[in-house]
């Protein structure tokens, strides 16, 4: 009997739910935690950004080993373990009373997000989708975007109940909801008598889209590293994350201290950014299988750049400041939503599925320069100058230049034999 819904789509739904929880409770909420912790402890912007940097460095160091485990044993049990570790990290965060303890809690949080975050979830879905891969990964990214809508609720909890109670409750909530969601994840469709994309028989591979697949076998990770495309995609991804990570860590503090907004009001701008990000994801869902992804990504880099410049100079715009904040949310949000899911899809398109875990894991050691560098550049220059203008401007210009990496990242020929 023909299946009504391909099981891979249930995995997409579960993965999207897990991404929603992580982005709502951590990714988008971290900026609100920074603003509140700065008031509570008086820690510098650089010190608080250091937690994000530590988070990203740990993920990068784990990347190759985690990629090998995912390729060898599959993502299912890894993701389940990550749910418990991440939940425990949130609970530890609620108990910290010093900066070293804060960093220690983030080591645990970083480990948890590495084990159950977008890396293993993307690897899981890449093995289940090929012709519809961009749509599947864009839908997965929808969960991350929707998490931004919950930022005002998290900000309200931080100010109403305190950051300790909010962090502990976040850990309990993540474990309670994450465990059943993680149980939906499976390793490979072949292990369950299914085929990639839900195709019923080998003959179906001659149907729509098959002629467009590149000839040759999948790359090994060593072969992928010998291609210019691997390095160019990794550098382009890393430069894009300069702005993404800087905004996630510092945007709310910038709006609070530089523009005079409350934490709750600043979080509404992030919510608007999220709505725009959802629009970008929907656009990617529609065009991802039709247009050249690298050209789309190159265009998105200019959206990131223009959006960050609008956020940076809103304070000098007087009565036009709200309009610039709306422009920031629109430009940055759409660019992130459109580009983000393509980062893993384009690598899978170029290098195949066989070693995708290791390929993504090694690439993380490069893109971490952007993930860690964005918050640190902005934080160091803000502490030195008293505002975010110089740091944000530098990051915006670097991201615009980074569009060249995507333009040059042509698809490599598949290996023969």
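A few notes on this one:
- Against the numbered list (1) surrounded by fewer than 22 Cβ atoms within 10 Å (Cβ to Cβ); (2) at pLDDT below 90; (3) assigned to a helix (DSSP H, G or I), residue 13 comes up short only at (2).
- Among the residues of the stretch 162-200, the ones that are without any contact (Cβ under 8 Å) to a residue 24 or more places away in the chain and buried (at least 20 other Cβ atoms within 10 Å of the Cβ) come to 0 in all.
- Some residue of the stretch 139-146 being outside any helix (DSSP H, G or I) and under 29 Å from residue 34 (Cβ atoms): no
- Members of the stretch 175-209 that are more than 24 Å from residue 356 (Cβ to Cβ) and modelled with pLDDT of 70 or more: 175, 176, 177, 179, 180
- The helices (runs of 4 or more DSSP H) located wholly in the stretch 18-93 that include 2 or more residues which are touching a helix residue (DSSP H, G or I) at 6+ places or on another chain (Cβ under 6 Å), farther than 30 Å from residue 265 by Cβ and touching a residue at least 60 places away in the same chain (Cβ under 8 Å) occupy 45-73, 76-93.
The rows are residues; the columns are (1) surrounded by fewer than 24 Cβ atoms within 10 Å (Cβ to Cβ); (2) out of contact with any helix residue (DSSP H, G or I) (no Cβ under 6 Å at 6 or more places or on another chain).
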| site | (1), (2) |
| --- | --- |
| 123 | no, no |
| 130 | yes, no |
| 148 | no, no |
| 160 | yes, yes |
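The values are calculated or read from the model by the stated rules, or taken from the named source; none is laboratory data. Treat the numbers as computed from the prediction; the structure is a model and nothing was measured. Don't worry about glycine lacking a Cβ; one is built from the backbone with ideal geometry, like all the others, and counts go over all protein chains shown.
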